[in-house]
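Computed from the coordinates by the stated procedures, all read-outs in this text should not be read as laboratory data. Bear in mind the structure is a predicted one, so any value in this text is a computation, not a measurement. With ideal geometry, Cβ positions are generated from the backbone for all residues, glycine too; neighbour counts draw on all protein chains shown.
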There are 2 protein chains.
Amino acid sequence: MLTKKGAATRRRIVDAAATEIRERGVANVTLEDVGRRSGTGKSQLFHYFPEGKEELLLAVARREAERVIEDQQPQLGSLTSWAAWGRWRDVVVERYRRQGVHCPLGVLITEIGRHTPAAQAVTRQLLDQWQAQLRLGIEQMRESGRIGPAIDPDRAAAALIAAIQGGVTILMSTNSAEHLEAALDLFLDHLRTAAPAPS
Amino acid sequence: MLTKKGAATRRRIVDAAATEIRERGVANVTLEDVGRRSGTGKSQLFHYFPEGKEELLLAVARREAERVIEDQQPQLGSLTSWAAWGRWRDVVVERYRRQGVHCPLGVLITEIGRHTPAAQAVTRQLLDQWQAQLRLGIEQMRESGRIGPAIDPDRAAAALIAAIQGGVTILMSTNSAEHLEAALDLFLDHLRTAAPAPS
């Protein structure tokens, strides 16, 4: 376990590496650059990342994955009304529209090796966390009677994650949010039309 | 324009390259390997692909994109009943389950360079063709009254393409078809529940 100070230093190194990689591309960033930006010496860098750049890249990937969730807050964490779902939908579209064709997390996953267990664990954890929050939102809407009992929260959340993932992948190759928006809107329409009729 | 014989030779070269790449990975395949497998001499290879490996890879990518559509036929081309949609859904799930974590087209797109105009044109054309066939299916279901007028065929087809793309991307990192199936099923449920009530 790291001390509080140690954890702060490690976090500073990871954030510095993330910024360098976002600005200049993963291939152009050296440990020296990260040291300079974070104000950390080489021995300190190796204290926190004994295996060097590989290990640091993985930590940066985890940080970028956290950001995907953070960027959707507080909306993602409080999906308790249709208005809240609509706001979250807009935040997602806006986030990915701004991001455009270059995905910081995707770059890192490709660099680490898409099929390595480490990269897959990062991807998997992000999808799991994201899906769990969406499922919670759907469950809350069901409990308050806004979504009908025909909707299975688990499968609906999985479908929604797939729709977002696909919309974002297409946006990254076309630079258009058209598919992402169509997928989110159809999904929300489905949740709404599966709602019980107003009494 | 190529003669009929020329087109056949070119096709044989592309198919040989596709098979070699599927079997041994794009990094390990040389033009010599492709020549050997297709029974084509070096001068013939350069006659059809004057720019060498780059140009051949692009032709193989186009061929792999065609296969994505072909593998869904005849189901994709005749989405005129709910039973037909169900069969097509099963074909898609089965195709990607079999393919697993390694996507031949994705490998080529990565090799050519995801952000190059050539790679984007291949991706774009595949998405456009696929979406057009799905839109046609939705339109036919609307015309026969099986899908209600609230469904916009264009946006619904875009949403479905996004859902498939995302489900497949997740399958490639988790080796599970769970998200793909959930997304397809929710989508089909939505088309069905937006159908006019039986009279």
*For n ≥ 4 DSSP H runs only, could you compute -39500 (n - 2.57) per run for chain A, divide by its residues and tell me the 222 nm figure to the nearest 500?*
-24500 deg cm²/dmol
*Can you list, shortest first in nanometers, how far A:GLY41 lies from the same residue in the other copies, with each label 7 Å from Cα toward Cβ?*
6.8
*At A:VAL101, with labels set 7 Å past Cα in the Cβ direction, how many nm apart are the copies from this one, shortest first?*
2.9
_Could you check the spin-label model distance between A:GLU55 and A:VAL101? Points 7 Å from the Cα along Cα→Cβ, value in nm._
3.7 nm
*asked:* Using a 10 Å cut-off around each Cβ of peptide A:145-156, what is the average number of partner chain Cβ atoms that fall inside?
replied: 2
*asked:* Once the label point is set 7 Å along the Cα-to-beta-carbon vector, what list of distances in nm do you get between B:ALA8 and its counterparts in the other copies?
replied: 7.6
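Can you figure out the FRET efficiency of B:GLU178 with A:ASP71, using R₀ = 35 Å and their beta-carbon distance, to the nearest 0.05?
0.85
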_FRET efficiency for B:THR3 and A:ARG22, using Cβ-Cβ distance with R0 set to 35 Å, rounded to 0.05_ = 0.10
*Looking at the axis that maps chain B onto chain A, which chain B residue has the closest Cβ, and how far off is it in Å, rounded to a whole number?*
B:GLY166, 1
*asked:* For a test of the definition: using alpha carbon positions, the gyration tensor, and the 1.5 limit on a/c, classify the range A:48-108 as rounded, prolate or oblate.
replied: oblate
*Lys/Arg Cβ at +1, Asp/Glu Cβ at -1, dipole of chain B taken about the Cα centre: which of B:LEU56, B:THR193, B:ALA150 is farthest positive-ward?*
B:LEU56
_For the range A:1-123, size of Cβ-based charge dipole, Lys and Arg +1, Asp and Glu -1, in debye_ = 300 debye
*Over the protein assembly as shown, what per residue volume does the convex hull of the Cα atoms give, in whole Å³?*
163 Å³
*Across peptide A:174-185, how many C-beta atoms of other chains are within 10 Å of each residue C-beta, on average?*
5
*Just flag the GluC sites (Glu not before Pro) in the range B:1-95 sitting in loop per DSSP whose Cβ has no more than 14 other Cβ atoms within 10 Å.*
B:GLU51
*Where nothing but the Cβ of Lys and Arg (+1) and of Asp and Glu (-1) is charged, how large is the charge dipole of the protein assembly as shown around its Cα centre, in debye to the nearest 20?*
540 debye
_Could you identify which residue out of A:ALA157, A:ALA18, A:ALA182 has the top mean-square fluctuation in a GNM of chain A using Cα springs shorter than 10 Å?_
A:ALA182
*Nitroxide proxy distance, nm - points 7 Å out along Cα→Cβ at A:ALA121 and B:HIS115*: 3.0 nm
*Could you pull out every whole DSSP H run in chain A that spans at least 20 Å of Cα extent along its own axis and averages -0.5 or higher on the Kyte-Doolittle scale?*
A:53-70, A:153-174, A:178-193
*Mind giving me the nanometre distance, one decimal, between the label points for B:SER78 and A:LYS42, set 7 Å out from Cα along Cα→Cβ?*
7.0 nm
